[in-house]
Amino acid sequence: MHKCFSWMLLILTCCAVSAQATPTTEQVQALISASEKARQRHATQEDIEHFLGFFAEDLIDTHVSFNRSFTGKAHLRKGIPEKANAMVSLSEELESTVLGTHTAVAVVRETSTYYKHEQLKHFQGRTILVLEFNKNGLIQHMRRYLD
């Protein structure tokens, strides 16, 4: 009876783990590529919606460095075109990825030139993304850290 219980517990544990979607490096790379394309000045609504397709409807987007958090995709849908209009050039490169059972940590190197308050600005740096995926393989929680 004890062995039967142990096997049953093992099977239930495996089923619980498999209920979460395991992210892949290819999925994270596709997210970064879609982000770069959606944030260009010439981005189309289709580009933006493709990028938003990586996220759950009830996404929690936390900008740790700025102590800000948003829920839902509406803020991205509104903010991306506004920021893209100010963009002169943008390049995002996936530097490294660490995958967990239902999480991924991605280090993204960004180089951008954009206008802010009518002044030309340049940014070159890294963002560390901590991504938590739901059972459907969509990003449920995204934490952004500036490095």
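Over the chain, what is the relative contact order in whole percent, taking alpha-carbon pairs under 8 Å and six or more residues apart?
Over the chain, the number comes to 26 percent.
Give the angle, between 0 and 90 degrees and rounded to the nearest 10, that separates the Cα long axis of helix 74-86 from the longest principal axis of the Cα atoms of the chain.
Between the helix axis and the principal axis of the chain, the angle is about 30 degrees.
At 0.890 mPa s and 25 °C, plugging the Kirkwood radius over alpha-carbon pairs of the stretch 75-147 into Stokes-Einstein gives what diffusion coefficient in µm²/s?
The estimated diffusion coefficient comes to 178 µm²/s.
From the phi of every residue in the stretch 120-131, what ³J(HN,Hα) in whole Hz does the Karplus formula 6.51 cos²θ - 1.76 cosθ + 1.60 yield, where θ is phi - 60° and glycine or proline is x?
6, 10, 10, 10, 9, x, 10, 10, 9, 9, 10, 10
At each listed q (0.08, 0.11, 0.12, 0.17 Å⁻¹), what is the log10 of I(q)/I(0) that the Debye formula gives for the chain modelled as equal alpha-carbon point scatterers?
Reported log10 I(q)/I(0), two decimals: -0.28, -0.47, -0.55, -0.99.
For a footprinting-style exposure proxy, rank H117, H63 by other Cβ within 10 Å, fewest first.
Details: H117 6, H63 15.
Listed from fewest to most nearby Cβ atoms, that is H117, H63.
So what is the 222 nm mean residue ellipticity for the chain from helices alone, if each DSSP H run of at least 4 adds -39500 (n - 2.57) and you divide by all residues, rounding to the nearest 500 deg cm²/dmol?
-11000 deg cm²/dmol
What is the magnitude of the charge dipole of the chain about its Cα centre, with +1 placed on the Cβ of each Lys and Arg, -1 on the Cβ of each Asp and Glu, and no other charges, expressed in debye to the nearest 20?
280
Since every read-out is calculated from the coordinates, none of them should be taken as a lab result. In this text the structure is predicted, and so the values were computed from the model without any measurement. Reconstructed Cβ throughout: ideal geometry from the backbone, glycine too, with neighbour counts over all protein chains shown.
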